[in-house]
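The values are calculated or read from the model by the stated rules, or taken from the named source; none is laboratory data. Predicted model, so just to flag it, every value in this text is computed and none were measured. Methodologically, a virtual Cβ is constructed for each residue, glycine included, from the backbone with ideal geometry; neighbour enumeration extends over all protein chains shown.
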Amino acid sequence: MASLTPITPRNITFKVDGTRTLWCDDDAARTAFFDGLSIMFPEGERFFMEAVRDNAAGITDPALKRDIQGFTTQEAIHSREHMRYNRMLTERVGEVVTRLEDAEKKRIEFAKRVMGPQQRLAMTIALEHFTAIMADHLLRFPHMLDGADPEMARLWRWHAIEESEHKAVAFDVYRAVYPGLGGYLRRIWLMLVTTTTFTFFMSVHINAIMKADGRATWGNRWRLVKLFWGRNGVITRTLPSWLAYFRPGFHPWMHDNRGLVDSHRARLDATA
Ligand SMILES: [Fe+2]
Ligand SMILES: [Fe+2]
């Protein structure tokens, strides 16, 4: 199945100087949430590209091949821009960024040593589902970026739009190469593993950044609880989408958010 929406890589170089300050509305909690995610991206997205490439040799469907090309180009540019973001971030929070990046790199090297191609792709589609549901949340609830440095907000919306565009590509490769019950069971198992590790390491990142900012206060921890579990919180609102992944017939485009993505895309492309 071809992607329901065009996958358009936009080669934008962002002014990431905003990371020198608490760029998200001077809110240490929200800033640390986005910065913590950014630290995961350069190595993480390279892992996704490799997992798809290592499983795609037998794909002959021209539409899926074209989607893979779009996916790979988008992720390569995301990886590059988040690398620039993270370098600038060191000016604010110091060497903690490099330390967290190195730890991430070691974890990924370990995963590549112990996991075969199917497991790596199953982990990739779990993480792509995570990024897709967080992207949908970010575009649907703009309050996440209220008061943010405009260029930083633009970067995060750009990433969210492109993650939405290519959300089904790795999944379609997985489904083509590993159909049936075996493929289903492994993707479910890897979703559980991925949810546990992703949540744990995101907490480590957020905590380390708030500490480095000198803002690891109970007040800011409470803001994080509300950011995740509040009425329009990230977890509160994305839990149904996360659960949908466990349905045997699940496909990322079952949640058809083309209208939302199109409206944001029009705005982004007008400023590109
Ligand atoms: Fe990405
Ligand atoms: Fe992605």
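Here are some notes:
- On the stretch given as the stretch 140-154, residues that are over 19 Å from the mean Cα position of the chain (by Cα) and free of Cβ contacts under 8 Å to residues at least 40 places away in the same chain total 1.
- Residues in the stretch 17-37 that are modelled with pLDDT of 95 or more, part of a helix (DSSP H, G or I) and away from ligand 2 (no atom under 14 Å from the Cβ): 28, 29, 30, 31, 32, 33, 34, 35, 36.
- Candidates 68, 108 - the one that is within 13 Å of ligand 2 (Cβ to nearest atom) and β-branched (Val, Ile, Thr): 68
- You will find that of 210, 144, the residue that is modelled with pLDDT under 95, surrounded by 21 or more Cβ atoms within 10 Å (Cβ to Cβ) and in contact with a helix residue (DSSP H, G or I) (Cβ under 6 Å, 6 or more places away or on another chain) is 144 and no other.
- Candidates 77, 39, filtered to the one that is within 12 Å of ligand 1 (Cβ to nearest atom), over 26 Å from residue 116 (Cβ atoms) and of a type in the set (A, V, I, L, M, F, W, C): 77
- Any hit, the stretch 165-180, residues being among the hydroxyl-bearing types (Ser, Thr, Tyr) and either within 30 Å of residue 116 (Cβ to Cβ) or in contact (Cβ under 8 Å) with a residue 24 or more places away in the chain (or both): yes
- Within the stretch 135-158, if we keep just the residues that are in contact with an Asp or Glu (Cβ under 8 Å, 6 or more places away or on another chain) and within 16 Å of ligand 1 (Cβ to nearest atom), the residue that is farthest from residue 251 (Cα to Cα) turns out to be 155.
- Residues that are in contact (Cβ under 8 Å) with a residue 24 or more places away in the chain and surrounded by 11 or more Cβ atoms within 10 Å (Cβ to Cβ), drawn from the stretch 230-249: 232, 234, 237, 238, 241, 242, 245, 246
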